[in-house]
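Student: My questions will all concern the structure given below.
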There are 4 protein chains.
Amino acid sequence: MPASINIVDRSSLTQGLYKELVLDPKQTAIVTIDMHRGHLDMDVATMPAKPEDAKRVIVNARAALDFARAQGMAVIHVILVYRRIPGLGSEGMVSPFWKAMHAALGEEDRLTPGRKSTVSEHNIEGSPGTEIIPELYRPGDYVIDNKKRLDCFYGTDLRFLLDTLGVKNVVLMGINTNTCVLNTSFTAFNFDYRVVVLSDCVASMYGDDLHVLGLQNIARCLGWVISNEQFFEKIGADRQGRAILPTQAA
Amino acid sequence: MPASINIVDRSSLTQGLYKELVLDPKQTAIVTIDMHRGHLDMDVATMPAKPEDAKRVIVNARAALDFARAQGMAVIHVILVYRRIPGLGSEGMVSPFWKAMHAALGEEDRLTPGRKSTVSEHNIEGSPGTEIIPELYRPGDYVIDNKKRLDCFYGTDLRFLLDTLGVKNVVLMGINTNTCVLNTSFTAFNFDYRVVVLSDCVASMYGDDLHVLGLQNIARCLGWVISNEQFFEKIGADRQGRAILPTQAA
Amino acid sequence: MPASINIVDRSSLTQGLYKELVLDPKQTAIVTIDMHRGHLDMDVATMPAKPEDAKRVIVNARAALDFARAQGMAVIHVILVYRRIPGLGSEGMVSPFWKAMHAALGEEDRLTPGRKSTVSEHNIEGSPGTEIIPELYRPGDYVIDNKKRLDCFYGTDLRFLLDTLGVKNVVLMGINTNTCVLNTSFTAFNFDYRVVVLSDCVASMYGDDLHVLGLQNIARCLGWVISNEQFFEKIGADRQGRAILPTQAA
Amino acid sequence: MPASINIVDRSSLTQGLYKELVLDPKQTAIVTIDMHRGHLDMDVATMPAKPEDAKRVIVNARAALDFARAQGMAVIHVILVYRRIPGLGSEGMVSPFWKAMHAALGEEDRLTPGRKSTVSEHNIEGSPGTEIIPELYRPGDYVIDNKKRLDCFYGTDLRFLLDTLGVKNVVLMGINTNTCVLNTSFTAFNFDYRVVVLSDCVASMYGDDLHVLGLQNIARCLGWVISNEQFFEKIGADRQGRAILPTQAA
């Protein structure tokens, strides 16, 4: 594998696409992906994001969510939670890949380079990791808490809920850019939703390179990657947007 | 976006995982993804891979497929084919992203940087683009020709066929590394198959950066990325493997 | 089991529902279910309907389909076709129920009381049974020919095609009332389509009691069961409807 | 519609199939379907079963479940629960059929002949109807509480859980025989599980005719309909079975 890779410049493509993007708040929902303490609270995280990423993402996500609710958009939190099965352990441990990784490698050398992590103890039912970061949740938000793998649609009622709400545009944020956010983007694209990812509100515990890949992959192949500021602009609500902007992280 | 990105070194992780990989040919199938003339034959391709990639992938894929058949593995070709709908055009054109791209950008500046491409005329039912590259098909292979978006499982009987065949290990090849191969890898992972991608037999029309990062994403998050030679070794069929190796591209 | 059963009178419910039924032809498609020679042509059928049912259904289906096409409705034929898998036989034979039935019972005492039938030789790829009854097919109709079990949505792109066409109302006909038609009705209901079944155009090879059940179950729990005449009336096209009515069977 | 219908005698078929039925407790799970107070507790039920059916089903289900747990079988409770959506009401009310029924008919003349019922207030999140009947639940049972329509697999992680547990045989009980039990039987059949329905533990609020015909449909087309006693016998645990039999209702 090469030590570094040049990013192909597709700014003409993404700028052209940006002009075509229209977001009617009545047809738009924010889906937050695994914004729980198991990734974002360093005190209990079993699959921790980088601490500085966790901080950045929480601040920006809060701004985007407060804005979205004020515009009448639905907010849906999707959270991975695992049952513990007698004689098996976590539901995560039937995955051949995760099982092989636990067999081969110590907790320092698994999914999160430079930080300890574990699948087998991650987000077990009732554990603190399964709690949504408190400042991101408000009464009236929807919660789907039976995500089991990388795709928010797999084994959940997310598609049913989106269609019940009349949603055409899915705005994604959360952890991790290149797995759950990307996989959910693929499926939302396949289902013919308009896919938007908020770059200020995503991060990857797998490494910065895969974070950048995830965003490049979405922007050049299947959807729109925009900043919080662009999101506020597209919703066409300058006043509310501007009021919120100061709270964004640099 | 940065002009280049450093690849995080996870060789310890991938080497540890490689040792854990066991492939029983009776539980293993090769799934080829969109290895049709619409990507790989420059005379008719409407979404062309790079010509040198097309050549490399066809030669290596042929070697891997001939080997797999000789070992009794099932080979399944999954192909995207679009109906033309009166008053709408190609089934592809209901996708909000592809529609926006066609509205905003000319054929030189769409999905394939540096080469012309079109979604609206891509792999329409009956067109030459929908034909599997002849040297990759043999009687006895299975064909699934109703793929509609990026995921080989979506709207097809692929999962049904894999389970009918008793397959636990899905070996993927084809076009494009970072979209259809990656999306199919995600879904196969979510369904708890063991996911293997043959790096010699995949390519991306979207750019070399997304090809490399697609493989990194699979190898570090959800499956095994191996060369043809490693595939032959893992199947444990040295003699047959060695006989085929000389036909591989450099 | 009782020898006979009284049907609960729910005419008030079904009459109330009938008044609420509105069918805009632009949002309506006919889905024909397994109207192939394997059920309906006594010369080759491996799972034959009763001969008089086959005759009735074909005549009425033709009338309804000709009418629907004249009104601009889409017609989608869904057909079960099985691959023959080396060492296994038909794809149908991995079903534990069908396997047990073949182990336990001779061809005279299986799914079709009073008539010989076989799952293991039913609608194998390339066999005459897989052909759509010719008078029911017209160029411009859509064909989905990879149905594998009882639900037209399972493992197929039917939902994708309906949504691509903008369909909200699914009008069903075909074989068998109480299995494939009923199962497809359930799934269409679950997906929030409006479900209509044409009683003149369905039949069951399993027995008249289950045919009646299938219709009762749909009409009282999940959709609308109407005659061809009611269908013509609801589409609001009296003239065309009347022109076609004389060709209906008694 | 006829006032009564003769049941076709298929005892030869069902007896042949019964001999083929083998149930290994380690590969068998009981799935209870909507055994909540919304159907079974006359004090709060918004879609009530007949009171005598509720009583019979609870007594028999308790016996079967206690037996199953003693044999080490997994027990999975699947429950319908609806969110209340601002401006829309219950998630149930986007269904075109249920919406039409509410528009056309009063609460005395809807799904449950002879008893009042309502979809719009049925099993709203947090309401008492969503509680599992207490004597049927034991710690260690699994609960899936996001069923939204008639199929226990649709929008839930039921298939994932069954496969995680290594289940091949799905034993169903609950409400209603001809809708949720039948629809779930269809899907379990389509997914190639062995489908068993416990006739002592199912009932239909839609009428006795549809209950009987629902069981006929399963027994003659896709699975095994057996009594509690037959279930105990098949599990091959005579002693435990016999100990429990006296608690069964007549």
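The values are calculated or read from the model by the stated rules, or taken from the named source; none is laboratory data. What you are looking at is a predicted structure, and each value in this text was computed from that prediction instead of being measured. Cβ: placed from backbone, ideal geometry, glycine included. Neighbour counts: every protein chain shown. Side chains included, ligands, DNA and RNA excluded: accessible areas come from the protein's heavy atoms. Shrake-Rupley method; radii C 1.70, N 1.55, O 1.52, S 1.80 Å.
Student: Within the stretch A:9-38, can you find the residues that are within 14 Å of chain B (Cβ to nearest Cβ) and either modelled with pLDDT under 95 or part of a helix (DSSP H, G or I) (or both)?
Tutor: If the condition is that a residue be within 14 Å of chain B (Cβ to nearest Cβ) and either modelled with pLDDT under 95 or part of a helix (DSSP H, G or I) (or both), then A:S11, A:S12, A:L13, A:T14, A:Q15, A:G16, A:L17, A:Y18, A:K19, A:E20, A:Q27 are the ones that fit.
Student: May I pose another question? Yes or no: the stretch B:105-117 includes at least one residue that is under 17 Å from B:M205 (Cα atoms) and under 18 Å from the mean Cα position of the chain (by Cα).
Tutor: Scanning the stretch B:105-117 turns up at least one residue that is under 17 Å from B:M205 (Cα atoms) and under 18 Å from the mean Cα position of the chain (by Cα).
Student: Just checking, which of D:T28, D:T14 is buried (at least 22 other Cβ atoms within 10 Å of the Cβ) and either over 28 Å from A:D157 (Cα atoms) or not small (G, A, S) (or both)?
Tutor: On the way: D:T14 fails: buried (at least 22 other Cβ atoms within 10 Å of the Cβ).
Step by step, each of D:T28, D:T14 is checked, and only D:T28 is buried (at least 22 other Cβ atoms within 10 Å of the Cβ) and either over 28 Å from A:D157 (Cα atoms) or not small (G, A, S) (or both).
Student: Just one of the numbered conditions (1) at the interface with another protein chain (Cβ under 8 Å from one of its Cβ atoms); (2) open to solvent by 10 Å² or more (accessible area, probe 1.4 Å); (3) farther than 23 Å from D:S11 by Cβ is not true of D:G236; which one?
Tutor: Answer for D:G236: the failing condition is (1).
Student: Now, a different point. Could you check the stretch C:100-127 and list, in sequence order, the residues that are among the β-branched types (V, I, T), away from chain D (no Cβ under 14 Å) and assigned to a loop (DSSP other than H, G, I, E, B)?
Tutor: C:T118
Student: Considering only residues of the stretch A:224-233 that are assigned to a helix (DSSP H, G or I) and surrounded by 23 or more Cβ atoms within 10 Å (Cβ to Cβ), which is farthest from the other protein chains (Cβ to nearest Cβ)?
Tutor: Restricting to residues being assigned to a helix (DSSP H, G or I) and surrounded by 23 or more Cβ atoms within 10 Å (Cβ to Cβ), the top hit is A:F232.
Student: Identify all residues within the stretch B:107-119 that are surrounded by fewer than 17 Cβ atoms within 10 Å (Cβ to Cβ) and either modelled with pLDDT under 95 or among the hydrophobic types (A, V, I, L, M, F, W, C) (or both); write none if there are none.
Tutor: Listed by number, the residues that qualify are B:E107, B:E108, B:G114.
Student: Next question, about the same structure. On the given criteria, is C:A70 more than 7 Å from every other protein chain (Cβ to nearest Cβ), at pLDDT 95 or above, open to solvent by 40 Å² or more (accessible area, probe 1.4 Å) and under 24 Å from the mean Cα position of the chain (by Cα)?
Tutor: yes
Student: Follow-up question, since we're still on this one. For D:R62, only one of the following conditions fails: (1) in contact with a Leu (Cβ under 8 Å, 6 or more places away or on another chain); (2) in a helix (DSSP H, G or I); (3) open to solvent by less than 60 Å² (accessible area, probe 1.4 Å). What is its number?
Tutor: Failed condition: (3).
Student: Let me ask something additional. Among the numbered criteria (1) part of a helix (DSSP H, G or I); (2) open to solvent by less than 20 Å² (accessible area, probe 1.4 Å); (3) in contact (Cβ under 8 Å) with a residue 12 or more places away in the chain; (4) not acidic (D, E), which single criterion is violated by C:K55?
Tutor: (2)
Student: Provide a single number: the residues in the stretch C:138-185 that are in contact (Cβ under 8 Å) with a residue 60 or more places away in the chain, of a type in the set (S, T, Y) and part of a loop (DSSP other than H, G, I, E, B).
Tutor: 1
Student: Also: Would you be able to tell me the number of residues in the stretch B:196-223 that are within 7 Å of chain A (Cβ to nearest Cβ), open to solvent by less than 10 Å² (accessible area, probe 1.4 Å) and of a type in the set (A, V, I, L, M)?
Tutor: Residues meeting the conditions: 3.
Student: Considering only the stretch C:128-150, state which residues are touching a strand residue (DSSP E or B) at 6+ places or on another chain (Cβ under 6 Å), within 14 Å of another protein chain (Cβ to nearest Cβ) and more than 20 Å from C:F97 (Cβ to Cβ).
Tutor: C:D141, C:Y142, C:V143, C:I144, C:D145
Student: Of the residues D:F97, D:F153, D:F160, which is in contact with a Lys or Arg (Cβ under 8 Å, 6 or more places away or on another chain), under 22 Å from C:N183 (Cβ atoms), at pLDDT 95 or above and away from chain C (no Cβ under 14 Å)?
Tutor: On the way: D:F97 fails: away from chain C (no Cβ under 14 Å); D:F153 fails: away from chain C (no Cβ under 14 Å).
Among D:F97, D:F153, D:F160, only D:F160 is in contact with a Lys or Arg (Cβ under 8 Å, 6 or more places away or on another chain), under 22 Å from C:N183 (Cβ atoms), at pLDDT 95 or above and away from chain C (no Cβ under 14 Å).
Student: Which residue, of B:M35, B:M47, is within 30 Å of A:V171 (Cα to Cα) and in contact (Cβ under 8 Å) with a residue 60 or more places away in the chain?
Tutor: None of the other options fit; the residue is B:M47.
Student: Name the single residue, out of those in the stretch D:84-94 being farther than 21 Å from C:A188 by Cα and of a type outside the set (G, A, S), that is farthest from the other protein chains (Cβ to nearest Cβ).
Tutor: D:R84
Student: Would you check which residues across the stretch C:128-137 are open to solvent by 10 Å² or more (accessible area, probe 1.4 Å), in a helix (DSSP H, G or I) and in contact (Cβ under 8 Å) with a residue 40 or more places away in the chain and list them?
Tutor: Listed by number, the residues that qualify are C:P128, C:T130, C:E135.
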